[in-house]
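Below is one structure, written out as structure tokens, with a few remarks after it.
The values are calculated or read from the model by the stated rules, or taken from the named source; none is laboratory data. Computed from a predicted model, the values in this text were never measured in an experiment. Glycine also receives a Cβ, built like all others from the backbone with ideal geometry; neighbour counts cover every protein chain displayed. Ligands, DNA and RNA are excluded from the accessible area calculation, which covers all protein heavy atoms including side chains. Shrake-Rupley method; radii C 1.70, N 1.55, O 1.52, S 1.80 Å.
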Amino acid sequence: MSLITDRPAPDHTAPQPVPGGRAAARRARSRRKRKTPLAGRYIGYVLYFVGAGLISGAVVHHPLDPARYTMVGIIGVLVFLAATVVNEFLLAQDRPPLARALAVVAASLLLSFGIGMLSGGLQHFGDFPARGAVLVPLGIVVSFVAFVLKDAETSSRRIFSPLGLAFLLLAGGSYLGLSTIAAGMAGEASEGGGHSHGGGGEPETDDHGAEPEPSAPSSTAEPSTPGEATTSAEPADDGHAH
């Protein structure tokens, strides 16, 4: 009997409830299990890159056809903003409040132009050297500032941090280097094509484009009468022919 009575009594106390109740626990489990669909993530990233590509082409080629590439740039901006809505709001775990949402949209618009200037300036530097030398460093600065403003985990003070100074120095160095290269390319183009007349070694023609007139009548000119033609064409027969 002593062995039975000496055993500790089993603990029948109920488990402690989870802080916040069952609803909070259910929400925590749903957050852990929730995953963004593959199709949504794919569409979001494709829209990002397509929008940036359209903007980069519009920024670089705008002087060639302003009306056309303005429309291309507007379409690129709309596509990039659609990608922002998909990635930052539809697929996000926690949707930001209205003020933060507007800030994200504005920063995304600025980021799209920064990426467009950077990628377009690099891609078409050989076609537009002077323009690319300006677009690349400007794109570095604009994209960095826009990304800091867009990132929810980063304070806007990081723009003026040592990291921001490093990107500013990078932009300045790229401007100096690309400007030097662009000046060299312009000099080579002027030397190669400045003295070319497209003649391919052919002699130059007369300034008036007319053939010089003969100074004296030709000795083989046609006579004015048929008799003269016979006399000049055939030798006279003097009866001594052999």
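Only residues in the range 66-95 that are in contact (Cβ under 8 Å) with a residue 60 or more places away in the chain count as the first member; pair them with residues that are outside any loop (DSSP other than H, G, I, E, B), Cβ under 9 angstrom, at least 6 apart or cross-chain, and list the lot.
As it stands, the answer is Q93/R31, since those pairs meet every condition given.
Select from the range 39-53 the residues that are of a type in the set (A, V, I, L, M), over 14 Å from L90 (Cβ atoms) and either open to solvent by 60 Å² or more (accessible area, probe 1.4 Å) or modelled with pLDDT under 85 (or both) and list them in ascending order.
Narrowing the range 39-53 to residues of a type in the set (A, V, I, L, M): 39, 43, 46-47, 50, 52.
Among the residues that remain, those that are also over 14 Å from L90 (Cβ atoms) are: 46, 50, 52.
Answer for the range 39-53, where residues must be of a type in the set (A, V, I, L, M), over 14 Å from L90 (Cβ atoms) and either open to solvent by 60 Å² or more (accessible area, probe 1.4 Å) or modelled with pLDDT under 85 (or both): just V50.
For the subset of the range 178-195 comprising residues that are over 21 Å from H124 (Cα atoms) and open to solvent by 80 Å² or more (accessible area, probe 1.4 Å), which member is modelled with the lowest pLDDT?
Taking the candidates together, the pick is H195.
Please tell me if L81 is open to solvent by 30 Å² or more (accessible area, probe 1.4 Å), modelled with pLDDT of 90 or more, touching a helix residue (DSSP H, G or I) at 6+ places or on another chain (Cβ under 9 Å) and under 18 Å from G40 (Cα atoms).
So L81 fits the description; yes.
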